[in-house]
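Have a look at the structure below, then the notes.
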Amino acid sequence: MGSWYRDGVAFRCKGPECGDCCSGKAGPGAVWVNDTEIAALAAFLGLSPQEFTLRHVRSLSGHLSLRERPNNDCEFYVAGKGCSVYDARPTQCRTYPFWSKVMAAKRRWEEEAAACPGIGEPGAIVPASEVESVLERDRERFPEGRPPLP
Ligand code: SF4
Ligand code: SF4
């Protein structure tokens with residue numbers, strides 16, 4: 001378990017009224033998807049995986065990502081309401097901000113607060129065991145780390 005967060009970390013998601021991790025506010029990004037995640041999203045929308053891929057997936061750095069709108073919002077983000085595919089959202093959306101690269105060092109976690117206003121929320125302590133459990137899911141999904149952005 002990472003020693004710097006053994007006493008837990010202050011975080012509470014501010015929910016749909018924030019949505020900064022889904023919007024293009026911080027510039028272009030990637031929502032990486034694999035076959036399993038594509039199948040779940042396709043089923044949620046009543047599409048075949050092939051149709052879903054044609055409509056909503058792009059190739060980025062040799063990997064697959066959901067498409068963004070011209071303003072860099074995720075295609076499934078609805079301003080003020082949040083994710084329109086919430087129950088089928090990909091792993092990286094479920095595990096943020098407890099990503100390996102974010103939790104690697106306290107300094108990195110503190111820097112991430114610039115992108116996520118829920119980080120540092122006073123009185124909202126997420127215990128280390130919960131952080132570790134989310135991190136484990138993130139590591140399982142990205143055993144070699146996330147692909148680089150182009
Ligand atoms: S940026 Fe942080 S606080 Fe805002 S919606 Fe995403 S996880 Fe929640
Ligand atoms: S799939 Fe949903 S949770 Fe993930 S980035 Fe897009 S709008 Fe946000």
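Things worth noting here:
- Matching entry among GLY29, GLY24, GLY15 (being open to solvent by less than 30 Å² (accessible area, probe 1.4 Å), within 27 Å of GLU110 (Cβ to Cβ), without any contact (Cβ under 8 Å) to a residue 60 or more places away in the chain and under 15 Å from the mean Cα position of the chain (by Cα)): GLY24
A quick yes/no check of all residues on (1) more than 16 Å from ligand 2 (Cβ to nearest atom); (2) open to solvent by 60 Å² or more (accessible area, probe 1.4 Å); (3) assigned by TED's automatic domain parsing to the domain that holds ALA30; (4) at pLDDT 95 or above:
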position: HIS63; (1), (2), (3), (4): no, yes, yes, yes
position: LEU66; (1), (2), (3), (4): no, no, yes, yes
position: ASN71; (1), (2), (3), (4): no, yes, yes, yes
position: CYS83; (1), (2), (3), (4): no, no, yes, yes
position: LYS106; (1), (2), (3), (4): yes, yes, no, yes
position: ALA113; (1), (2), (3), (4): yes, no, no, yes
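- Complete set of residues in the range 28-59 that are modelled with pLDDT under 95 and away from ligand 2 (no atom under 14 Å from the Cβ): none
- Residue, nearest to LYS25 (Cα to Cα), within the range 59-73, restricted to residues that are among the hydroxyl-bearing types (Ser, Thr, Tyr) and in a strand (DSSP E or B): SER65
- Screening THR95 on (1) β-branched (Val, Ile, Thr); (2) closer than 13 Å to TRP32 by Cβ; (3) surrounded by fewer than 19 Cβ atoms within 10 Å (Cβ to Cβ) shows it passes everything except condition (3).
- All positions within the range 141-150 that are surrounded by fewer than 16 Cβ atoms within 10 Å (Cβ to Cβ) and touching a residue at least 40 places away in the same chain (Cβ under 8 Å): GLY145, PRO147, PRO148, LEU149, PRO150
The values are calculated or read from the model by the stated rules, or taken from the named source; none is laboratory data. Remember, predicted model here, so these are calculated numbers, not experimental data. Neighbour counts run over all protein chains shown; Cβ positions are idealised from the backbone, glycine included. For accessibility, only protein heavy atoms count, side chains too; no ligands or nucleic acids. Shrake-Rupley method; radii C 1.70, N 1.55, O 1.52, S 1.80 Å.
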